[in-house]
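What follows is a single structure, written as structure tokens, with notes after it.
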Amino acid sequence: MKAITVPAYAKVNLCLHVVGRRADGYHDLRTVFQTVSLHDTLEISLHPGRGMELTCDDPKLPIGRDNLIWRAAEALQNEMKLDRRVSVRLKKRIPVARGLGGGSSDAAAMLIGLLRLARCKLPIDRLSEIAASLGADVPVFLFGGRALGVGRGDQIFPLPDGPPRTVVVVSPRGIGVSTRKAFGWLGRKLTKAVPDLKLWSFCALCWSPQEGPLENDFETEVFRRYPRLRRIKRELLRAGAAGAALAGSGSAVFGLFPNPAQARRAAQKFSGDRVFVCSTLSREEYRFALWGRGGFARSLGDGR
Ligand code: C5P
């Protein structure tokens, strides 16, 4: 196999609690990720020689080492001592700086695609380490579906899939939020109720088939700075969303709808913004799309 095409799916957070500041400058999180069908696409090919080449259909995106795809490829080339030139064509659909994990997902898709293409095997622990070194949000995209994230959000515990939902993602025109700044805005206002919660009782909450309310600790501070985002959330709820929340640290706002027709009607209310009507993606759907028919087993060997 000389070329491979892999999707890089977006995520939303069904709940996101920021529970404390860490000595390494990051924050400890309790979050439930859910992957959705909105996605970028990477076409990866291997050629004789060395190095890396990245092109993108969005001219605004960096295509050098600033791009996580580049760093993901480099990390794996070094790890596997891969003596080939890696070429990637990125079709960018996930809006940037919207809390949808697009850059992180691209990086994970690069790791998975390159492993498959080079027919390499790597233990999952080592692959997760490489993913976490690229960014806190990268490891969840090795698994997809619904997953609990703790630590920096990079320690992943897969959760059972929830009922399928249609998701309306509103990416507000002209508002982008830097994750680093959003964490700074929280200041001392970190969640007080969650720290003592035992990991597994937290998981049990998330397993509830009725699904608890969506919660996101960033909303207060981000909505205060961008009141338009609060209005988008209200509008989604008025249009029949079972729940609506900020995606990650924003600025996208998403709503979960019980049926696609209602979701499409709701989407029409945001004609000035970029709106995506997509669906939740189960772990099995995710695994098949990213890892292929052989699934994890083909690529996640013991490294020998
Ligand atoms: O890991 P990543 O580079 O994607 O994170 C971007 C920024 O978000 C970090 O530099 C850090 O300031 C902040 N962050 C944090 N705590 C986390 C995740 C990210 O403070 N758990």
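The values are calculated or read from the model by the stated rules, or taken from the named source; none is laboratory data. For clarity, every value in this text was computed on a predicted model and none was experimentally measured. Glycine gets a Cβ as well: all are built from the backbone with ideal geometry, and neighbour counts include every protein chain shown.
Only residues that are crowded, with 20+ Cβ neighbours inside 10 Å and either among the hydroxyl-bearing types (Ser, Thr, Tyr) or away from the ligand (no atom under 16 Å from the Cβ) (or both): list them for region 138-158, please.
Answer for region 138-158, where residues must be crowded, with 20+ Cβ neighbours inside 10 Å and either among the hydroxyl-bearing types (Ser, Thr, Tyr) or away from the ligand (no atom under 16 Å from the Cβ) (or both): Phe143, Gly144, Gly145, Arg146.
Looking at region 259-280, I want the residues that are under 13 Å from Val169 (Cα atoms) and have a partner that is assigned to a helix (DSSP H, G or I) and small (Gly, Ala, Ser) with Cβ atoms under 7 Å, at least 6 apart or on another chain. Which pairs are those?
Val275/Ala267; Val277/Ala263; Val277/Ala267
Could you check region 54-94 and list, in sequence order, the residues that are among the polar types (S, T, N, Q) and within 19 Å of the chain's Cα centre (by Cα)?
The answer is Asn67, and nothing else.
Being at pLDDT below 95 and at positive phi is the filter here; which residues of region 94-152 pass it?
Ala97, Arg119, Gly151
For Leu122, work out the one condition from (1) over 13 Å from the mean Cα position of the chain (by Cα); (2) surrounded by fewer than 18 Cβ atoms within 10 Å (Cβ to Cβ); (3) assigned by TED's automatic domain parsing to the domain that holds Ala72; (4) in a loop (DSSP other than H, G, I, E, B) it doesn't fulfil.
Result: Leu122 passes all but (2).
Can you tell me which of Ala75, Ala8, Ala23 is surrounded by fewer than 16 Cβ atoms within 10 Å (Cβ to Cβ) and small (Gly, Ala, Ser)?
Ala23
Would you call Arg98 of a type in the set (Lys, Arg), closer than 28 Å to Arg287 by Cβ and not in a loop (DSSP other than H, G, I, E, B)?
The answer is no for Arg98.
For Gly51, are the conditions met, namely being more than 13 Å from the ligand (Cβ to nearest atom), at pLDDT below 95 and surrounded by fewer than 20 Cβ atoms within 10 Å (Cβ to Cβ)?
yes
Does at least one position in region 87-95 carry a residue that is surrounded by fewer than 22 Cβ atoms within 10 Å (Cβ to Cβ) and either of a type in the set (Val, Ile, Thr) or free of Cβ contacts under 8 Å to residues at least 24 places away in the same chain (or both)?
no
In region 23-48, what residues are closer than 19 Å to Phe157 by Cβ and either within 16 Å of the ligand (Cβ to nearest atom) or at pLDDT below 90 (or both)?
Correct list: Tyr26, His27, Asp28, Leu29, Arg30, Thr31, Val32, Phe33.
Would you be able to say whether some residue in region 67-87 is more than 16 Å from the ligand (Cβ to nearest atom), part of a strand (DSSP E or B) and either of a type in the set (Gly, Ala, Ser) or in contact with a Phe, Trp or Tyr (Cβ under 8 Å, 6 or more places away or on another chain) (or both)?
For region 67-87, residues more than 16 Å from the ligand (Cβ to nearest atom), part of a strand (DSSP E or B) and either of a type in the set (Gly, Ala, Ser) or in contact with a Phe, Trp or Tyr (Cβ under 8 Å, 6 or more places away or on another chain) (or both): present.
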